[in-house]
């Protein structure tokens, strides 16, 4: 090869290399996001038994056979795909319990979405049956806009929607569709 051909060849290789080098950009963050969406949960834990205390007082107790941690998502959440047993304690230490087939806890909003055969039993032995119930941990408030059955102090109330504080002093069925008075004798 003559000198002119070598010089042209070297310049072409240099131009192609520089073009390739500058056309590539660092998209590592984008690749990580894609991988996180495809990869599933960040961690999977089994036989969860966790208690939350604040200022030395027990506030909640959560038990579940499995937890999937999706904190690798943009809107992070924890999923309890098999079951959940969630106990809430009021300021006097009285316990109310919720069980459900499935639950999601959203980290940013502190909202718990309980789904499937939800049964809430209050410390007063009142019982709520629903397909879905939300618990706002920040406001300490429970609610749903789904059909419910609420058994309380000598009556069964059917309705659409439920609203209550965590101590159940303000518990109410919202749109009452039926009421049965029970003879408690």
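Observations on the model:
- Residue within the range 37-44 that is crowded, with 16+ Cβ neighbours inside 10 Å, farther than 30 Å from residue 167 by Cβ and either at pLDDT below 60 or in contact with a strand residue (DSSP E or B) (Cβ under 8 Å, 6 or more places away or on another chain) (or both) present: yes
- Some residue of the range 160-167 being buried (at least 16 other Cβ atoms within 10 Å of the Cβ), at pLDDT 95 or above and either assigned to a strand (DSSP E or B) or in contact with a strand residue (DSSP E or B) (Cβ under 6 Å, 6 or more places away or on another chain) (or both): yes
- The residues on offer are 172, 132, 146, and the sole one that is without any contact (Cβ under 8 Å) to a residue 12 or more places away in the chain and touching a strand residue (DSSP E or B) at 6+ places or on another chain (Cβ under 6 Å) is 172.
The values are calculated or read from the model by the stated rules, or taken from the named source; none is laboratory data. Given the structure is predicted, the values throughout are model-derived calculations rather than measurements. Positions of Cβ are generated from backbone atoms using ideal geometry, with glycine treated the same way; all protein chains shown enter the neighbour counts.
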